[in-house]
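Here is the structure we will look at.
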Amino acid sequence: MTQKSTVTYNTMISAFARNGRISDAFQLFEKIPRKNMVSWQGNYYVACWNAMISGYAKKRKFDDAKKLFDAIPAKNIVSWNSMLSGYTKNGEMSLAMKFFEEMEEHNMFSWNLMLDEFVEVDDLDSTWKIPNAELVFKDISQVDVVSWNSLIAGYAFNGCGKEAIKLFEETVMEGVAADQVTFIEIRSTGQISGTENLLYE
């Protein structure tokens, strides 16, 4: 099979999966010849597998997504993150935590997936999710501005204004280049938690 044909498979399967047409995506996926290690040279098919995993997860078919993930001949970080994202974006944080611990490697996208969902999932008790978000944050070896912003937002939305402002001060001390989102989040912190006066101290 030529590389051009592989691109066609990737494009069609990804389009079906993104639009929730997982049955159509699977039928086309099944037609891919030689879904084995040989066909993985150049990572031509990796996008197909990852798109299918994301499609199943989007439909909350986690068992199907995990079976497909386990069958991948040569996983890459995108494969791991596709499965992790399926759990986090659907609020399945217990499954996400277990899977995260099993991951062979993590990149900033992996860490931020966990951090974002701990501070954003509405049906989690803040006494549980904020401490877990803090643990994830502390374990990140190289924190980027997205990570800082996520935790600041988490404090703000859960009424922890003083903690949010303290964390913002830490970003300044650490030399982190705050962006527009940082300032929007810290301003929202004062409005939500009633700590606007602290912003001017």
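The values are calculated or read from the model by the stated rules, or taken from the named source; none is laboratory data. From a predicted model like this one, the values you see are computed outputs, not experimental measurements. Neighbour counts are summed over all protein chains in view; Cβ atoms, including those assigned to glycine, are modelled from backbone coordinates with ideal geometry.
Data overview
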{"quantity": "Residue among K4, K35, K75 that is charged (D, E, K, R), under 30 Å from V136 (Cα atoms) and modelled with pLDDT under 85", "calculated": "K75"}
{"quantity": "Complete set of residues in the stretch 48-78 that are small (G, A, S) and crowded, with 18+ Cβ neighbours inside 10 Å", "calculated": "A51, S54, G55, A57, A65"}
{"quantity": "Selected residue (only one of N43, N50 is in the same structural domain as Y87 (by TED's automatic domain parsing) and at pLDDT below 80)", "calculated": "N43"}
